[in-house]
1. By how many nm would the segment from Ser15 to Ser88 lengthen if fully extended, with 0.36 nm per residue of separation less the alpha-carbon distance?
2. Just going by the charge dipole of the chain, with Lys and Arg at +1 and Asp and Glu at -1 on Cβ, which of Val179, Val111, Tyr29 is farthest out on the positive end?
3. Please report, in debye to the nearest 20, how large the charge dipole of the chain is about its Cα centre when each Lys and Arg carries +1 at its beta carbon and each Asp and Glu carries -1 there.
4. For Lys143, which lysines qualify as cross-link partners when the Cα separation must be under 20 Å and same-chain residues fewer than eight apart are set aside?
5. Which order do Leu139, Leu4, Leu81 take by accessible area at a 1.4 Å probe, largest first?
6. Excluding Ile89 itself, what net charge comes from residues whose Cβ is under 11 Å from its Cβ, given Lys and Arg +1 and Asp and Glu -1?
7. Could you pull out every residue, at least 5 positions away or on a different chain, whose amide H is within less than 5 Å of the one on Asp58? Hs are placed 1.01 Å off N in the peptide plane, and Pro or chain starts have none.
8. I'd like the accessible area for Phe121: 1.4 Å probe, protein heavy atoms, all chains in place, Å² to the nearest 10.
Amino acid sequence: MSNLRLVKQIEIESSATDFSFTDLFTTDYNMYKVVINNLTGNCSGTANAFTYVRAINDSGSVETGTVYAYASEYFKSNDSLSEQKNNSINKIEYMFGGVSDNANTSAVFYVYNPCIAQHTFFQGQSQSVIQSGSGDEYLRGTKFIAVMKNTDIVTGLHFFDSGTDEIDAGTIRVFGYRVD
């Protein structure tokens, strides 16, 4: 039997600038794998939606305080590598390279100890295509680590857009790692 168990699958089928996914994490597992496929956007202006992430605590509230820290490498096909980091911010940035009208974004990331009264850690990578103002498409890749520095229990995730662009579609699968 596999140690990787599908806990939840979510199909995004309607456009919105933010989504809250509750009841993703329980005390059944200490480590989770989140796989996001075919995330697409309904974008305006620059034709890109940068999607950010926040945790949802066990009382159902989105953690909006400056409780996050992250570091990422942002790979760009049309420019040099950039490193992003912040030690005190109200969201996890650069988990995704961007969500575009014309291409799918995919990501794989891990969530460690969400339901233990300790720091919750995130680690992962994504690939995407973004568009310049003139419509040229460029590949983007990210590798990141992040932490929620308070010790609240995390039961879900909140994804939201950097502006008024919308996320249209995508599949999110959450797996728990089990030790038998």
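The values are calculated or read from the model by the stated rules, or taken from the named source; none is laboratory data. What you see is a predicted model; the values in this text were computed from it and never measured. A quick note on method: Cβ atoms are made from the backbone with ideal geometry, for glycine too, and the neighbour counts reach across all protein chains shown. The protein model used for the area step is the full one, side chains on, heavy atoms only, and it has no ligands, DNA or RNA in it. Shrake-Rupley method; radii C 1.70, N 1.55, O 1.52, S 1.80 Å.
1. 23.3 nm
2. Val179
3. Values: 12 positive and 20 negative charges, 127 e Å.
Dipole size: approximately 600 debye.
4. Partners within reach: Lys33, Lys76, Lys85, Lys91.
5. If we order Leu139, Leu4, Leu81 from most to least accessible, we get Leu139, Leu81, Leu4.
6. Details: positive: Arg54, Lys85, Lys91, Lys149; negative: Glu93.
Neighbourhood net charge equals +3.
7. For Asp58, the qualifying residues are Ile153, Thr155.
8. 90
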